[in-house]
Amino acid sequence: MSDTLGEGKLAVSPSPEASVTGGDGARKAPSPARRASGPDWRKRFEIALLTGPAIIMFVAFVIFPVVLAAYYGFFKWKGFGPPTEFVGLENYLTIFRDSTFQDALQHNAVIVVLSLVLQGPAAVLLALLLNQKMRGRSLVRVLIFVPYVVSEVIVGTGWSLMLQTNGAVNDLLTKAGLPDWTVDWLSDPNIAIWSLMLIITWKYIGFAVILFLAGLQSIPEELFEAAAIDGATYWQTQRRITLPLLGPTIRIWAFLSMIGALQLFDLVYIIWGQYVAATAGTSTMATYMVVNGRNAGNYGFGNAVAVVLFLISLVIALTYQRFVLKRDTEGALTEGKK
């Protein structure tokens, strides 16, 4: 009797091997918990391996310089040796009290708005034109995009020579019988900002056109065919189909345009120099930083200006992403949604 019970107990007691093998000796699949642990660890390792170098580079060349600039901004520092003359928030208070910085900030705001207003509609119209089948389309695309890839030094030097009082533009107007139209394109405060916007638009509109062309070519052709069958005109099709579907591309371009306008330096500094820009009404926060920081031998103040410029750009970027790019980013992030 006891032997029979003992055999029964042995028959029903699970063994370690019985948990992973079937009755015929075949090995069963591991449990979902055990199956997920291996790939999950491997996935995390792959993410760390692929993103690690980029994170290290970003911290080393972006985060660390910003933190170091903020540290130097609390000192009156000549640019060599360790900073010893601590001034606290004096540099930052001086920045916001300086009317020259306030003018530069206002100029940056004007450049941001005019860049969007002038480049955006013109780039959309050019992209719509170049998206049509026409002779010489490739050549026109290249000619529009060439100024964007030309160095700012070359662009600034060339335009500064043409827009001088005795430059090519005034000479051409005089020979065309329009001497009254000759003006001081670079020094007149009422005209200089428009001269700058002309140069910026000429140089950077090619980038916007290329982006918009890429967005237009991603729109399904079937939508335009359906609109044509329904009797929609060309402009009704562009308004109801093209512009809404081109919206994400336009918003990305606007974001890049605003950040670039806030950080504008090279064209202004090359064309107007460190002294004329302020009087001509074309100075920016970046030129203010160089003139009152490096050129003045006060690197601590220059670092403080750089931190202010960084914070202003960061706040605008985060605000734009929060209220404008939110639906675009939400539409792209589909993982984890039910």
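The values are calculated or read from the model by the stated rules, or taken from the named source; none is laboratory data. Values in this document were obtained by computation on a predicted structure and should not be read as measured data. Every residue, glycine among them, receives a Cβ derived from its backbone with ideal geometry; neighbour counts consider all protein chains shown. Keep in mind that these areas ignore ligands, DNA and RNA; they rest on the heavy atoms of the full protein, side chains included. Shrake-Rupley method; radii C 1.70, N 1.55, O 1.52, S 1.80 Å.
Observations on the model:
- Whichever residue in the stretch 217-233 is part of a helix (DSSP H, G or I) and exposed (fewer than 12 other Cβ atoms within 10 Å of the Cβ) and, among such residues, is farthest from the chain's Cα centre (by Cα): I229
- Residue within the stretch 109-118 that is surrounded by 11 or more Cβ atoms within 10 Å (Cβ to Cβ) and within 18 Å of L311 (Cβ to Cβ) present: yes
- Exactly one residue among G273, G302 is part of a helix (DSSP H, G or I), crowded, with 16+ Cβ neighbours inside 10 Å and not acidic (D, E), and that residue is G302.
- Hits in the stretch 279-291 (condition: at pLDDT 90 or above and surrounded by fewer than 21 Cβ atoms within 10 Å (Cβ to Cβ)): A286, V290
- Condition check for G206: surrounded by 12 or more Cβ atoms within 10 Å (Cβ to Cβ) and under 17 Å from L126 (Cβ atoms): yes
- Positions within the stretch 179-211 being free of Cβ contacts under 8 Å to residues at least 12 places away in the same chain and farther than 27 Å from S257 by Cβ, in sequence order: P179, D180, W181
- A count restricted to the stretch 86-114 and to residues that are in contact (Cβ under 8 Å) with a residue 60 or more places away in the chain and more than 30 Å from L198 (Cα to Cα) stands at 4.
- In the condition set (1) open to solvent by 50 Å² or more (accessible area, probe 1.4 Å); (2) modelled with pLDDT of 95 or more, V142 is compliant with all but (2).
- Test: residue in the stretch 82-90 that is modelled with pLDDT under 95, open to solvent by less than 80 Å² (accessible area, probe 1.4 Å), more than 23 Å from T282 (Cα to Cα) and hydroxyl-bearing (S, T, Y): no
- Scanning the stretch 116-170 for residues being more than 22 Å from the chain's Cα centre (by Cα), more than 22 Å from W235 (Cα to Cα) and aliphatic (A, V, I, L, M) gives a total of 10.
- Taken as a whole, the condition of being in contact (Cβ under 8 Å) with a residue 60 or more places away in the chain and in a helix (DSSP H, G or I) does not apply to I241.
- Selection within the stretch 149-178 - surrounded by 16 or more Cβ atoms within 10 Å (Cβ to Cβ), without any contact (Cβ under 8 Å) to a residue 60 or more places away in the chain and not hydrophobic (A, V, I, L, M, F, W, C): Q164, G167, N170
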